[in-house]
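Some notes on the structure that comes next.
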Amino acid sequence: MERVRTATVVGVVGAAGGVGASTHAALLARRLSRSTSTVLVDLDRGGGGLDVVVGVDVVALLPRWGACAVLSGDRTRSAPVDAGVRLDVLHALACEVGALVLDLDRAGVVDGDAPLAACDAVVVVARPDLRSVAGTLALRPRLHAAGTRCGLVVQGAAGLGAADLAEASGLEVWHLGRADRALAARAERVGPGGRGRAARTADTVVRRLGLTA
C-alpha cells in the first residue's frame with residue numbers, strides 16, 4: 001500500500017544570489033517546528049547528495065537544529081543525486097512529518113530540475129530592486145507551469161514598492177520589509193534564530209500560508 005503524504009511542503013528560492021533565501025528557509029522551518037515535526041532540506045545542487053535510506057526511520061537519523069531536523073548535502077561528493085532518488089527521499093520524509101521546507105537551487109528551478117510540483121507553496125526571496133525582478137522573471141515560467149501557489153518575500157533598503165514589484169514580476173508580494181541588519185552577527189553567535197526582523201518575516205509567511213505555528 002502506498003504511504004500517504006502528511007506534510008505541507010514549502011519551497012524557498014532566491015530571485016538572485018545573496019538575497020538570503022537559505023536563511024529564510026531555515027527560519028521558516030524553525031518557526032514551523034514549534035507546532036509540527038519539520039524537516040529543512042537542502043536541495044542546492046552544488047551541495048552534493050542525499051545519502052540516506054528511505055524508510056520510516058529517516059527523520060530519527062537526521063541531525064537536528066533545535067526542534068527542526070535538517071537534511072543537507074554531502075559536500076564531499078561531486079556527482080549530482082539522481083532525480084528519482086531525490087523524489088523518493090522527499091516522499092518518504094513527507095509521509096513522516098508535518099512540514100518540509102525545501103531550500104531550492106535557483107538554477108535547478110530555471111532548468112526545470114527542482115521538485116516544484118511536490119510543493120504546496122513556493123516562496124521567492126528577493127530585494128526591492130530590478131535585479132531581483134529580472135531574476136524572478138527567469139523563475140516565473142517554471143513556477144507557473146508547476147501550478148504551485150507562489151509569492152514574493154522582499155527584504156531590503158527602500159526601493160521598489162509592493163505594487164511595482166507585483167506588476168513587474170507577475171507574482172503577489174506576501175511580505176515587504178527592511179533587511180535584518182543584525183542577522184549576520186546574531187547568526188555567528190547563536191545561528192539564524194532569535195526574535196529579529198528576519199524571524200518576524202518568517203512568522204508573517206507562516207500566517208500568510210495559513211499554517212499554524
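Quick one: length gained pulling THR6 to VAL59 fully straight, 0.36 nm per residue minus the C-alpha distance?
17.7 nm
Using 0.36 nm per residue, how much length does the chain from ALA117 to LEU137 gain when fully extended, once their Cα-Cα distance is taken away?
5.3 nm
Hey, can you grab everything whose amide H is under 5 Å from the amide H of GLY161? Only 5+ residues off in sequence or another chain; H modelled, so Pro and N-termini drop out.
Those qualifying (amide H under 5 Å, at least 5 residues apart or on another chain) number zero.
For labels at ASP164 and SER35 in the simple 7 Å Cα→Cβ model, what's the distance in nm?
The modelled label-to-label distance comes out at 3.5 nm.
What is the distance, in nm, between label points placed 7 Å from the Cα along the Cα-to-Cβ direction at LEU87 and at LEU130?
4.0 nm
Sorted by mean Cβ packing within 10 Å, highest first, what order do the peptides 198-207, 25-34, 156-165 take?
25-34, 198-207, 156-165
Bear in mind that the values in this text are calculations on the coordinates, not laboratory data. Computed from a predicted structure; not experimentally measured. Positions of Cβ are generated from backbone atoms using ideal geometry, with glycine treated the same way; all protein chains shown enter the neighbour counts.
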